[in-house]
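Values in this text are rule-based calculations from the coordinates and carry no lab data. Just so it is clear, the structure is predicted and the values come from calculations on it, not from any experiment. Methodologically, a virtual Cβ is constructed for each residue, glycine included, from the backbone with ideal geometry; neighbour enumeration extends over all protein chains shown.
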Amino acid sequence: MEKKILTVDDSPSVRKMVEFSLKSKGYRMGGAGDGIEALALMDSERFDAVILDVNMPRMNGLEFLEKIKNDENYAAIPVIMLTTEGQDEDRDKAMALGATAYIVKPFKPTQLLNLLDEVL
């Protein structure tokens with residue numbers, strides 16, 4: 001069965017790049033521009049993993065991460081943070097909230113693909 005990945009990033013170009021990289025390896029994709037949009041998608045579709053930015057309008061990545069990790073319906077879904085926030089404190093906070101992994105932009109698509117293969 002194909003795995004379905006949700007990319008949550010307020011940058012359409014980042015979402016497109018991630019989507020292109022993952023579709024080429026057979027993943028099905030969903031995309032959202034912020035945490036609120038992502039929650040609505042997760043209520044209507046099942047995802048096997050989430051790729052999540054930190055800085056977004058309305059509901060940022062850390063707020064979204066905390067919300068899904070405290071919801072028994074979504075808590076087991078692996079979340080890979082993909083963000084420009086490279087400070088140790090940002091990484092530590094995301095990991096404490098339940099992130100599976102943390103990648104700082106710019107990144108290599110192969111790095112993301114390898115990590116996704118590992119967590120799935």
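Only residues that are assigned to a helix (DSSP H, G or I), touching a residue at least 12 places away in the same chain (Cβ under 8 Å) and more than 19 Å from MET29 (Cα to Cα) were counted in segment 92-120, giving 3.
Confirm whether LEU82 is touching a residue at least 60 places away in the same chain (Cβ under 8 Å), within 13 Å of the chain's Cα centre (by Cα) and not in a helix (DSSP H, G or I). Here the answer is yes, as LEU82 does meet what is asked. Looking at the structure I just gave you, is SER11 among the small types (Gly, Ala, Ser) and without any contact (Cβ under 8 Å) to a residue 60 or more places away in the chain? Against the criterion (among the small types (Gly, Ala, Ser) and without any contact (Cβ under 8 Å) to a residue 60 or more places away in the chain), SER11 qualifies. Can you name every residue in segment 63-94 that is of a type in the set (S, T, N, Q) and buried (at least 19 other Cβ atoms within 10 Å of the Cβ)? Within segment 63-94, THR83 is the sole residue that qualifies.
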